[in-house]
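Below: one structure, written as structure tokens.
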Amino acid sequence: MWFRSIRFQATFAAAARYFSVTANAEKAVGSGFATTRTGGGTDTLGRRLFSLVYAERSAVIAIEKWKAEGQKVQKYQLNRIVRELRKLKRYKHALEICEWMTQQQGIKLMPGDYAVHLDLIAKVRGLSSAEKFFEDLPDKMRGWQTCTALLHTYVNNKLLEKAEALMEKMSECDFLKNHLPYNRMLCLYVANGQLEKVPEVIKELKKKTSPDVVTYNVWLSACASQNDVETAKEVFMEMKKAKVDPDWMTFSTLTNLYVKNQLLQDAASTLKEMEKMASRKNRPAYSSLLSLHANMRDRNGVCRIWNKMKSCFCKMNDAEYICMMCSLVKLEEIEEAENIYSEWESVSGHGDPQIPNILLAAYINRNQMEQAQSLHHRMVQKGIRPCYTTWKLLTWGHLKSKQMEKVLDCFKKVIGSAKKWSPDEKLISEIFRNLEEKGNVEGAGEFFVLLRNAGHESTEVYNSLLRTYAKAGKMPLLVAEHMKKDNVELNEETHRLLQITSNMCISEVSSPVF
């Protein structure tokens, strides 16, 4: 009953590996699944569940139909299917299977099963539902596995206080006998920038158990965040003495740190070790290799790894195209980046604007606005829908070439394409500065209206508008009154600008808001 008294309160950027649903399903429905022969080949429960694809379809109906046909349903089969569905991020169907198992008298569930169930509830229904599920579990099922699953949920939601409270309770119950909870806390502290707590957690971990490769990788990540080469080398030496085998992430982190500190000989050594570990099973390692070779200004290395990837995999995914294009742009190989983009364009069916945005940014940074506009038109023609970043890039591009009408048009689309617009003060300030330089009262008024309609009313926005009027020698009307109406404070500069413009002639431009 120890946990019922506790009331819980409400809660490596490498390319992600993914494969087609069909490919994963084929692997998942191999040996170990109940099968029956059909005219179309081998029929399995796994095949039926994986073929649902759409979340609206019911896994429960598929299982019940299988049973009605006289087929056996065994726990180990369902657990394996759930594991594969989680890899595919098909969480709803995985959860339905877990819930179906809890209702079967013939299936005996263990704490580990409930831990998976809790994790799926958190993913599908949210933190509150996961906490409620945990509290309602029988006492004997609230062991280290389910506690660790709940801790994992807190860490994913970056709920530090709840995670620390749960760790303390797990310690009291002697549930901290393996590295998993400690690794989760290490990840949370690194993500929150609380790197000073990492040594403390590792010290506690060593009292209870031994660090694993994840522990050392997170520790090295903390060293990299602090740019601490010496400590990183010490951690790596300790790792070897403890006979913990490093993985590609270990060498990737070390290589990044060495490159950052211009230790290119060390970087070349760790990069070589990392490349030995890249394989079909460690597909994300290839993307990391691309980035690392680019950081080392090694064009030949980037091209070699890309060709190796093409020989290993039938098709590159969008994340890998992004990584390759970013690497080429970093090396200023724009023509080759254009070729890769054309290749992606010919094979991709997703139309992800992130890929053309890389090339768009490169053109704008190189003041090649004509090429940027041409690429934008090409995106539209190919059915690629420009996103928030696309419009923001184009806004900056037109701003660099002082095309203020296009700037305002693109900025309007920046606001319109964001689910929740977060003001970019640097961009806003730069637009107003350009309008002020030309005394462009009409443009400043239009820009002011865009900001005001988006809910971005501030003293600086009003002052920027007033400075533009002052530059044009014009007087706006009723500014002070409307600032008070908008609950915007008038500061010393506001009063000074109002005083200056009050002696000027009234603007012929119709007021944007008054």
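Things to note:
- The residues of the stretch 322-356 that are of a type outside the set (A, V, I, L, M, F, W, C) and open to solvent by less than 10 Å² (accessible area, probe 1.4 Å), listed by number, are Ser327, Tyr341, Pro356.
- Flag for Asn79 being modelled with pLDDT under 90, in a helix (DSSP H, G or I) and of a type outside the set (Val, Ile, Thr): no
- The single condition among (1) in a helix (DSSP H, G or I); (2) within 25 Å of the chain's Cα centre (by Cα); (3) of a type outside the set (Lys, Arg) that Glu204 does not meet is (2).
- The stretch 45-76, residues that are surrounded by fewer than 17 Cβ atoms within 10 Å (Cβ to Cβ) and either within 21 Å of His117 (Cβ to Cβ) or among the aromatic types (Phe, Trp, Tyr) (or both): Tyr54, Ala55, Arg57, Ser58, Val60, Ile61, Glu64, Lys67, Gln74, Lys75, Tyr76
- Scope the stretch 452-488; condition within 39 Å of the chain's Cα centre (by Cα), charged (D, E, K, R) and modelled with pLDDT of 90 or more; matching residues: Arg452, Glu460
Quick grid of which residues meet (1) surrounded by fewer than 17 Cβ atoms within 10 Å (Cβ to Cβ); (2) assigned to a helix (DSSP H, G or I); (3) of a type outside the set (Ser, Thr, Tyr):
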position	(1), (2), (3)
Thr231	yes, yes, no
Met239	no, yes, yes
Lys243	yes, no, yes
Gln262	yes, no, yes
Gln265	yes, yes, yes
Ser269	yes, yes, no
Met274	no, yes, yes
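- Residue match in the stretch 359-368 (condition: open to solvent by less than 70 Å² (accessible area, probe 1.4 Å), out of contact with any helix residue (DSSP H, G or I) (no Cβ under 6 Å at 6 or more places or on another chain) and modelled with pLDDT of 95 or more): yes
- Qualifying residue in the stretch 280-295 (condition: farther than 21 Å from Val329 by Cβ, small (Gly, Ala, Ser), outside the structural domain of Lys330 (by the TED database) and at pLDDT 95 or above): yes
- Residue in the stretch 442-465 that is over 28 Å from Ser502 (Cα atoms) and either in a helix (DSSP H, G or I) or in contact with a Gly (Cβ under 8 Å, 6 or more places away or on another chain) (or both) present: no
- Taken together, Lys471, Lys484, Lys426 contain a single residue that is farther than 27 Å from Leu394 by Cβ and open to solvent by 20 Å² or more (accessible area, probe 1.4 Å), which is Lys484.
- Total residues in the stretch 136-171, condition within 24 Å of Asn192 (Cα to Cα), more than 21 Å from the chain's Cα centre (by Cα) and open to solvent by 40 Å² or more (accessible area, probe 1.4 Å): 6
- Residues located in the stretch 96-128, provided they are over 25 Å from Ile63 (Cα atoms) and in a helix (DSSP H, G or I): Leu127, Ser128
- For first residues located in the stretch 189-202 and within 19 Å of Asn157 (Cα to Cα), partners that are assigned to a loop (DSSP other than H, G, I, E, B) and lie 6+ apart or on another chain with Cβ distances below 9 Å form the pairs Ala191/Lys158; Asn192/Lys158; Leu195/Gln226.
- Of the helices (runs of 4 or more DSSP H) lying entirely inside the stretch 132-194, those containing at least 2 residues that are more than 13 Å from Glu204 (Cα to Cα) and of a type in the set (D, E, K, R) are 160-172.
- Filter pass, Val407 being in contact with a Lys or Arg (Cβ under 7 Å, 6 or more places away or on another chain), under 30 Å from Pro386 (Cβ atoms) and either of a type in the set (Val, Ile, Thr) or surrounded by fewer than 18 Cβ atoms within 10 Å (Cβ to Cβ) (or both): no
The values are calculated or read from the model by the stated rules, or taken from the named source; none is laboratory data. These numbers were taken from a predicted model, which means no experiment stands behind them. A quick note on method: Cβ atoms are made from the backbone with ideal geometry, for glycine too, and the neighbour counts reach across all protein chains shown. Only protein heavy atoms, including side chains, enter the accessible area calculation; ligands, DNA and RNA are left aside. Shrake-Rupley method; radii C 1.70, N 1.55, O 1.52, S 1.80 Å.
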